[in-house]
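What follows is a set of notes on a single structure, which appears directly below.
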Amino acid sequence: METLTILWTGRLWLRRFTATARDLDALASLHGDPEVMRRIDDGRPQPRETVAARTLPGILRQYDELPPGTGCFAVESRTDGRFLGWLSLRPPSSVGLAAAPAVGRGAVLELGYRLLPGAWGHGYATEGARALVRHAFTVLGAEQVVATTMTVNSASRRVLEKAGLTLVRTFFEEWPEYIEGAERGDVEYAVSRAEWAQGPAAPSA
């Protein structure tokens, strides 16, 4: 566990994914859940074979390609080891975000998360997001953390706000396929290191 763990909170472990059947099963269950995927990409669940051939290998490859301490991390309960989903901290890549350096002067990192429905409503996303924002500023030296979500995704917006991010703008993009709520656009949230240091999310989780 020690070599894979990126950080932990009161209730959660955040660790690297591995090329194991256990992690493949966990990731396939998450990306294959219709409720999880209804407002992501094309709104469709990912088949297990896609997760095995592309999604998990892509996550593993990023541990070597991205700056140390960034990437996509499995979220597990410290109580029983249950897989809850993932949280990520990576160079900005979502549609609508400007490219930015991930290290050095002006470094910007993008926060992301995806949890199983059984983990919704328990504060896990907020707890993990706060920990990753703190990690971005205190360990990785980022100058800003950004995130996007659909305007209609009120639950994700609350998580971002509780993690210390504030609304920057609403924007509209052309998507290949319609997803419910797309007509209301997407929103960008952000927090700078200085803003975070002065806010209530700054104390250690």
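The values are calculated or read from the model by the stated rules, or taken from the named source; none is laboratory data. As the structure is a computational prediction, the values presented were derived from the model and not from experiment. Glycine also receives a Cβ, built like all others from the backbone with ideal geometry; neighbour counts cover every protein chain displayed.
Output the residue which, of all residues in segment 26-62 that are assigned to a helix (DSSP H, G or I) and modelled with pLDDT under 95, is farthest from ASN153 (Cα to Cα). Selected residue: PRO34. What residue, of LEU97, LEU87, is touching a strand residue (DSSP E or B) at 6+ places or on another chain (Cβ under 9 Å) and either in a strand (DSSP E or B) or within 16 Å of VAL133 (Cα to Cα) (or both)? The unique qualifying residue is LEU87.
Specify which of the listed residues (ARG38, ARG22, ARG16) is out of contact with any Ser or Thr (no Cβ under 9 Å at 6 or more places or on another chain), within 20 Å of ALA53 (Cα to Cα) and among the basic types (Lys, Arg). Result of the check over ARG38, ARG22, ARG16: ARG22. The single condition among (1) touching a residue at least 24 places away in the same chain (Cβ under 8 Å); (2) hydrophobic (A, V, I, L, M, F, W, C); (3) under 22 Å from GLY123 (Cα atoms) that MET37 does not satisfy is (1). In segment 69-81 there is no residue that is out of contact with any Pro (no Cβ under 8 Å at 6 or more places or on another chain), within 23 Å of GLY185 (Cα to Cα), part of a strand (DSSP E or B) and in contact (Cβ under 8 Å) with a residue 60 or more places away in the chain. Considering segment 120-143, the residues that are within 14 Å of GLU195 (Cβ to Cβ) and more than 15 Å from the chain's Cα centre (by Cα) include one that is surrounded by the fewest Cβ atoms within 10 Å (Cβ to Cβ), namely GLU143. In segment 119-144, the residues that are outside any helix (DSSP H, G or I) reach residues that are of a type in the set (Ser, Thr, Tyr) and surrounded by fewer than 23 Cβ atoms within 10 Å (Cβ to Cβ) with C-beta atoms within less than 8 angstrom, at least six apart or across chains, in these pairs: GLU143/SER192; GLN144/SER192. In this structure, is SER88 polar (S, T, N, Q) and in contact with a Cys (Cβ under 8 Å, 6 or more places away or on another chain)? So SER88 fits the description; yes.
In segment 169-197, how many residues are assigned to a strand (DSSP E or B) and not charged (D, E, K, R)? Break it down into steps so the answer makes sense when it comes.
Going through segment 169-197, the residues assigned to a strand (DSSP E or B) turn out to be 169-171, 186-192.
Keeping just the survivors that are not charged (D, E, K, R) gives 170-171, 187, 189-192.
So the answer is 7.
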